[in-house]
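Peer 1: Dumping the structure here so I can ask a few things about it.
Every number in this text was worked out from the coordinates using simple rules, so none of it is lab data. Computed from a prediction, not measured in an experiment: that's the story for all the values here. Ideal geometry is used to build each Cβ from the backbone, glycine not excepted, and the neighbour counts take in all protein chains shown.
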């Protein structure tokens, strides 16, 4: 047996590109493609395949997401929407909540209910998204791009403290079926820090996807088998699924042009709404702007989005920019996983239909044949001096406030990228303020006076998102920031 896969430390100075992601191996898979002469498309595909291996709580072939892409040769920016889609019809044999069960995630200070099971699965778009990115100009074949992830799944990876923490939070989901428990929690406990985690079934699945595709291949058939009796997906759903290419929502922020995720995704519109109220960094002004955006979303002001179709759970993000100025910012989510492994292939399909904030009336009332909305907001910034920034974040409802605050600091205040990502953040829901307690003393007093209902967080916390950002500088050099709140890593090649 070969040694488990570990990340290779990358140079902080290079000429090929830069990547930022939420796990060292995810970042290193992308960096390897750049080292070998690939471009940003190659790098982001390799990273997403690796994320399925080392970030399985957040990313899976059963997931969906969004890619914001800038073509370095033309400067054109476009969104690829490969988010999940509701089934074309409900399974008539499922009465009530059959195929759904409730579990509770343990966040330490609180627990939260989640609905999982075969009937919570929406049509995944993950592999369709990878193929669409590949068609944009990747230089390597798909089997080459997933090879490092395949190797890591077979030989094993060393579990990091952050991934162990996430596994503990959703242990109830990872152990919801016998097969899942054997893989993710052998012996009844989540794999520990420093343990070697192997997933040979996922290795087979990634190889099959690269060779045979999804809908007509063994992986797609296995997904349908898992849905046959207690789920809603049928062959029609896989056959009819399409990625959607959209024009981004573009806003001017300072002297920068910012490209955001457009409707029906809500994230970009909400980020734009927040930024439109601000002229520079002031924590109290930012908190009020975030609160106003939340109120507008709840009230439906400005046709922001119908809350009944808003999706806002666990996510991961990858950002890449290469020497040509081609940039990819990709955010993906598997919900939390539906609790059951796709037989033989070592991954869970999503549980998006079981999320209360998608279907507040329950798991039997979702709209059929509909592209669901999302808070995810991969973004690209074109700076007035020629700099190109790609960024995005996980973080549920805090995605909108995290992205807005990093964009504000970078585009209006001119803060260096790493400092903009590391700076303390605020978030407001209703009248309740959460803030990272690293602000200036005077600002702390003002925040607490403006929001009597508040909570001060003593450390930078994953609650406030995880903005992974990269930049191609005007002189052709690179900069990157992986958000330490979510185990972020940036590598320059």
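Peer 1: Using only helices, what value at 222 nm comes out for the chain when you add -39,500 (n - 2.57) per DSSP H run of length 4 or more and divide by the total residues, to the nearest 500 deg cm²/dmol? List each step's numbers first, then the result.
Peer 2: Numbers: 16 runs with 154 residues, N = 493.
Rounded to the nearest 500, it is -9000 deg cm²/dmol.
Peer 1: From Cα pairs below 8 angstrom and at least 6 apart in sequence, can you work out the relative contact order of the chain, rounded to a whole percent?
Peer 2: Working: 1265 pairs, mean separation 119.3, N = 493.
Computed value for the chain: 24 percent relative contact order.
Peer 1: How would you order 317-329, 427-439, 176-188 from highest to lowest mean count of nearby Cβ atoms within 10 Å? Walk me through the numbers on the way to the answer.
Peer 2: Working: 317-329: 28.5, 427-439: 17.9, 176-188: 15.9.
My ranking of the peptides, most packed first, is 317-329, 427-439, 176-188.
Peer 1: Ok, one more. Checking the a/c ratio against 1.5 first, then a/b against b/c, what shape does the Cα gyration tensor give for the chain?
Peer 2: Values: a/c = 1.45, a/b = 1.18, b/c = 1.23.
It is rounded, given that a/c, with a ≥ b ≥ c, falls under 1.5.
Peer 1: Would you mind putting 40-50, 265-275, 81-91 in packing order, based on average other-beta-carbon counts within 10 Å, highest first?
Peer 2: Most protected by this proxy first, the peptides run 40-50, 265-275, 81-91.
Peer 1: Related question: For segment 357-493, what is the per residue volume of the convex hull drawn over the alpha-carbon atoms, in cubic angstrom? Don't skip to the end; give the middle numbers.
Peer 2: Values: hull volume 20.9 nm³, N = 137.
In segment 357-493, the Cα convex hull volume per residue is 153 Å³.
Peer 1: At a Förster distance of 25 Å, what's the computed FRET efficiency of residue 36 paired with residue 212, Cβ-Cβ distance as r, to 0.05? List each step's numbers first, then the result.
Peer 2: Values: r = 25 Å, r/R0 = 0.98.
Rounded to the nearest 0.05, the efficiency is 0.55.
Peer 1: Work out the FRET efficiency for residue 239 and residue 431 from their Cβ-Cβ distance, taking R0 = 35 Å, and round it to the nearest 0.05.
Peer 2: Once rounded, the FRET efficiency stands at 0.15.
Peer 1: On to the next question. Thinking of segment 232-298 as a set of Cα atoms, what percent of all their pairs are more than 15 Å apart? All intermediate terms of the calculation are to be shown ahead of the outcome.
Peer 2: Values: 1395 of 2211 pairs.
The calculated P(r) of segment 232-298 puts 63 percent of pairs beyond 15 Å.
Peer 1: Between rounded, prolate and oblate, where does segment 382-435 land on the alpha carbon gyration tensor, with a ≥ b ≥ c its root eigenvalues, rounded for a/c under 1.5, else prolate if a/b exceeds b/c?
Peer 2: Details: a/c = 2.54, a/b = 2.02, b/c = 1.26.
Since a/c reaches 1.5 and a/b is larger than b/c, the shape of segment 382-435 is classed as prolate.
Peer 1: With each pseudo-label sitting 7 Å past Cα toward Cβ, what's the residue 438-residue 461 distance in nm, one decimal?
Peer 2: That separation, rounded to one decimal, is 1.5 nm.
Peer 1: For 368, 123, what's the fewest-to-most ordering of other Cβ within 10 Å of each Cβ? Write down the numbers at each step before the final one.
Peer 2: On the way: 368 11, 123 28.
In order of increasing Cβ crowding within 10 Å: 368, 123.
Peer 1: Hey, can you rank 246-257, 197-208, 332-343 by average C-beta count inside 10 Å, highest first?
Peer 2: 332-343, 197-208, 246-257
Peer 1: Additional query: If I histogram all Cα-Cα distances within segment 140-216 using bins 10 Å wide from 0, what percent of pairs lands in each bin?
Peer 2: 19, 40, 31, 10, 0
Peer 1: So, one more: Run the numbers for residue 106 and residue 477: contour at 0.36 nm per residue of separation, minus the present Cα-Cα distance, in nm.
Peer 2: Values: separation 371, 0.36 × 371 = 133.56 nm, distance 4.31 nm.
Stretched out fully, the residue 106 to residue 477 stretch lengthens by 129.3 nm.
Peer 1: Once you put a point 7 Å from the Cα of residue 285 and another 7 Å from the Cα of residue 369, both along the Cβ direction, what distance in nm separates them?
Peer 2: 4.9 nm
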